[in-house]
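Notes to accompany the following structure.
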Amino acid sequence: MSVAVVFDSAGTLLRTYRVARDLLHDEMLTEVETTTITFGSDARVLVVLHLHSRDVMEAPEDQLLSEFFLERSIGFGVACSRRVIPAEEVGNLLYNDENARISDLQACIRQVWSCCKRESIVTMNSGVILNLDIPGIEFTVTTGGRPFDGARETITELHRMGVPAYIASGDRVAKLERMGDYLGIPRERVYGVATPSMKARIVEDLKEQYDKVVMVGDAINDLNAFRKADLAVLTEQQSDRKPDILYTTADRVIHNVSEVPGIVAELLTDTAATRESATI
């Protein structure tokens with residue numbers, strides 16, 4: 001029997017530190033779940049920005065973010081939203097916003113870097129949360145992460161078992177590909193800037209290639225993929241503060257990513273036993 005395992009990245013393969021600057025209340029929020037903030041309103045959209053932290057830090061702090069995006073031709077991807085919002089509408093809000101300034105994103109980057117600078121392997125990603133009701137940028141966001149202890153060994157063990165590992169995440173593709181290189185996941189199996197509906201579609205597509213598809217995730221944006229997977233695995237390695245619906249949807253709850261190969265081995269054994277019993 002063929003099995004594939006799809007991993008989310010932040011909070012699943014990566015221990016992630018997230019901060020968000022609330023522009024409306026002039027407040028810095030630390031160690032937050034950006035997907036939970038986004039799902040707090042159907043008017044919010046989590047947008048990943050295709051930029052380098054260094055360029056942001058070198059820009060004038062009083063400059064509007066929208067001006068910076070236009071000057072540098074910064075692209076974006078929709079990582080998470082409760083409803084489908086056309087990219088054209090997202091782009092219009094992003095590139096015409098008059099609220100957020102470079103200093104708002106710089107503050108997020110500094111906060112994450114101060115926490116993660118001692119890590120030997122760090123990925124950083126920045127974005128914004130748009131609010132269509134404002135309309136404009138409501139939060140600036142930065143995340144930094146490093147692989148969980150045992151993450152690379154987990155991928156190695158799955159491959160040793162003949163089970164391919166995939167990544168489907170809302171993070172930037174370039175960042176995920178570098179992390180995939182470190183973990184040993186081929187770049188053609190890495191899907192970035194994946195919205196909740198796209199994650200579910202990736203799982204569905206893989207089910208046409210494999211007998212069973214396992215989805216491993218940790219947040220509300222993994223819910224649709226959980227529902228499509230043959231086996232949904234919720235990990236609490238980053239945090240156990242999660243919406244109840246994730247627990248009721250998940251088939252298994254784990255505390256460490258290193259538990260995944262054992263779960264896959266059980267799946268292979270149970271399926272083989274079922275088939276053997278059916279032939280008797």
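The values are calculated or read from the model by the stated rules, or taken from the named source; none is laboratory data. Remember, it's a predicted structure, so these values are computed and weren't measured experimentally. So basically every Cβ, Gly included, is an ideal-geometry build from the backbone, and we count neighbours across all protein chains shown. What goes into the accessible areas is simple: the full protein's heavy atoms, side chains included, and nothing from ligands, DNA or RNA. Shrake-Rupley method; radii C 1.70, N 1.55, O 1.52, S 1.80 Å.
What to note about this one:
- Projected label distance in nm at Asp205 and Met161, using a 7 Å step from Cα toward the beta-carbon: 2.4
- Our estimate of slack between Asp240 and Asn256, defined as 0.36 nm per intervening residue step minus the Cα-Cα distance, is 4.6 nm.
- Simple Cβ-charge dipole of the chain, Lys/Arg +1 and Asp/Glu -1, about Cα centre, in debye nearest 20: 600
- With protein chains left intact and a 1.4 Å probe, residues in the stretch 1-105 average 45 Å² of accessible area per residue.
- With Cα atoms, 0 to 90° folded angle of helix 260-279 axis to the chain main axis: 40
- Once the Cα atoms are used to define both axes, helix 87-96 deviates from the longest principal axis of the chain by about 30 degrees.
- Taking 7 Å steps out from each Cα toward its Cβ at Glu89 and Asp42 produces label points 1.1 nm apart.
- Most mobile listed residue (Thr269, Thr143, Thr35) in the chain, GNM with C-alpha springs under 10 Å: Thr269
- Placing unit charges on the Cβ atoms of the charged side chains and taking the dipole of the chain about its Cα centre, the candidate lying farthest along the positive direction among Val233, Tyr182, Val216 is Tyr182.
- Correct choice for Cα Rg over 2.2 N^0.38 Å that was computed from the model, options (i) 1.14; (ii) 1.03; (iii) 0.95: (ii)
- Principal-axis analysis of the Cα atoms of the chain puts helix 102-116 at an angle of about 40° to the longest axis.
- The amide H of Arg15, built 1.01 Å from its N in the peptide plane, has Arg146, Phe148 as neighbours under 5 Å, considering only residues 5 or more places off or on other chains.
- Straight-distance crosslink candidates among lysines, where the alpha carbon sits under 18 Å from Lys199 and sequence neighbours closer than 8 are dropped: Lys175, Lys207, Lys212, Lys228
- Taking the chain as a Gaussian network of alpha-carbon nodes connected by springs under 10 Å, the highest mean-square fluctuation of the residues Gly150, Gly170, Gly217 belongs to Gly150.
- Each Cα pair under 8 Å and six or more residues apart adds its sequence gap; the mean of these over the residue count of the chain is a relative contact order of 24 percent.
- For Gly75, residues with placed amide H under 5 Å, excluding near neighbours: His50
- Taking 0.36 nm per residue of sequence separation and removing the Cα-Cα distance, the Arg189/Ile134 pair yields an extension gain of 16.0 nm.
- Considering only beta bridges that DSSP places wholly inside the chain, some 65 percent are antiparallel.
- Integer Hz, Karplus 6.51/-1.76/1.60 couplings in order for the stretch 150-164, x for Gly and Pro: x, 5, 5, 5, 4, 5, 4, 5, 4, 5, 4, 7, x, 10, x
- Remark: the stretch 130-232 carries 38 Å² of accessible area per residue (probe radius 1.4 Å; ligands, DNA and RNA excluded).
- Mean-square fluctuations from a GNM of the chain, with a 10 angstrom spring cutoff on Cα atoms, peak among Leu70, Leu132, Leu46 at Leu70.
- Taking the protein heavy atoms of the chain in the context of the full set of protein chains, the accessible area attributed to carbon and sulfur is 45 percent at 1.4 Å.
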